[in-house]
Structure formats: C-alpha cells, structure tokens
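What follows draws every value from the coordinates through simple rules; no lab data is involved. Everything numeric in this text was worked out from a predicted model, so none of it was measured. Heads up, the Cβs are rebuilt from the backbone with ideal geometry, glycines too, and the neighbour counts pull from every protein chain shown.
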Amino acid sequence: MGTVTIGVSISVPEPHGTLLQQRRAGFGDAAAFGIPTHVTLLPPTEVDASALPKIEAHLAEVAAAGRPFPMRLAGTGTFRPLSPVVYVRVVAGADECAELQARVRDEAGPVARELQFPYHPHVTVAHGIAEEAMDRAYAELADYAAEWPCTGFALYEQGADGVWRRLRDFPFGGALVPPQATVERHPTLH
C-alpha cells in the first residue's frame, strides 16, 4: 500500500477560512490554495497507508473524550527568524488545542511523534515568502479577529499534487447537550 502523509487539524470555519486563505495567497504564498485554513494538531506525518484504520480509531477515541470550546483568533505573530512564518494568534482555545494535540500524539497511540518545535497553536497566513511580504502580512492582519465554537477536528491527507484533502471529520463527544434529569418532587410530610 505504501505511505501517505497525513495531518490532523481544527478547520477555521467560513467565512474566516476562505478569507484568510485568500489573504495568504494575496501575500504571495503559492501553497495557500492547497492548504485549508487550520490550527494544526498533528503536523505533516508520513505513515503506512495500512495504518489509517487504526489512526482513525485513535482519533475517534480522542474526539469522543473532547468537549466543544470557544476559539478566538486575534492579531498576528511570527516565528521569524527561527522559521519563516507569520500567523494569526489563537487567543482563546489555545490550552484546549494544546491538550488535544498531546492526546493525538500520545506516545501509546499510532501517531506518536516528537515535534520539531514546542507546540504553539496558530493559523499560518504567510510561510516561506519574501521578507517584505511577510512584513505586510504581519501588519495588515494585526487587527484581524474571529471567533467560533470548536466542535471537533479533521484528518487530512496530502496528495501527490501537494494539496491537503479532508479524509474524515471527528466531532467531539460532547457536541450535544445531554438531556437533563428531572427531579421528582415528593410532598413534604408534616
């Protein structure tokens, strides 16, 4: 079967996802339209294609234990000079993202791996482009803000053409409010 390159991420919903993808392309990032706008939980990882069912079962378990949480993006940041990236900051939901990515990469799980850099949730808006364009992305999106309820994450596969495609969504187990128990009232005895 060979190997495939997968990633796990929280999708940035519409209209925010398309807007940031278009802005990324406008800054000159040629990869923009091949990468859905997201917050990474598992960076690009090469796996044996035959392991996908086991990976999906693991991700389903992680999602079943998860609960919806508020996500808010605001302002920009950069990893320069260490890495040529400008991003929109995750200002609410960062702790939940960190917890999720740790569970996804659990050392006992099928996609256990070390990270090249410490985990820092973010939404990339410029990567590996000219410094002037990176500066422009940083300045032009400094006032950007968006928020939504995060209700799950998705598994993606990178095609031979470099485009990332969604394979499956994993909604959190607590996406629905369970019915509330009713308290039976008994007459007070005198």
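Things worth noting here:
- Selection from Ala137, Ala57, Val39 lying farthest towards where the dipole of segment 3-168 points positive, charges on Cβ: Ala57
- Based on DSSP H segments of at least four residues, each scored -39500 (n - 2.57), the chain has a per-residue ellipticity at 222 nm of -7500 deg cm²/dmol.
- Cα-based helix-to-principal-axis angle, 52-65 vs the chain, degrees rounded to 10: 50 degrees
- Test item: Cα-centred dipole of segment 5-128, Lys/Arg +1 and Asp/Glu -1 on Cβ, debye: 440 debye
- For the chain, built as a Gaussian network whose Cα springs stay under 10 Å, the top-fluctuating residue of Leu141, Leu82, Leu59: Leu82
- Diffusion coefficient of segment 106-155 by Stokes-Einstein, Kirkwood radius over Cα pairs, 37 °C, 0.692 mPa s: 225 µm²/s.
- Our summary of shape: the Cα atoms of the chain have principal axis extents of 82, 46, 27 Å, ordered from largest down, in whole angstrom.
- Within segment 1-79, chymotrypsin sites (Phe, Trp or Tyr not before Pro) in DSSP loop having at most 10 other beta-carbon neighbours inside 10 Å: none
- With R₀ set to 22 Å, the beta-carbon distance separating Tyr119 from Thr3 gives a calculated FRET efficiency near 0.40.
- For Val111, the shell of other residues with beta-carbons less than 12 Å away shows a net charge of -2, using +1 for Lys and Arg and -1 for Asp and Glu.
- The relative contact order of the chain comes to 30 percent, based on Cα pairs under 8 Å that sit 6 or more residues apart.
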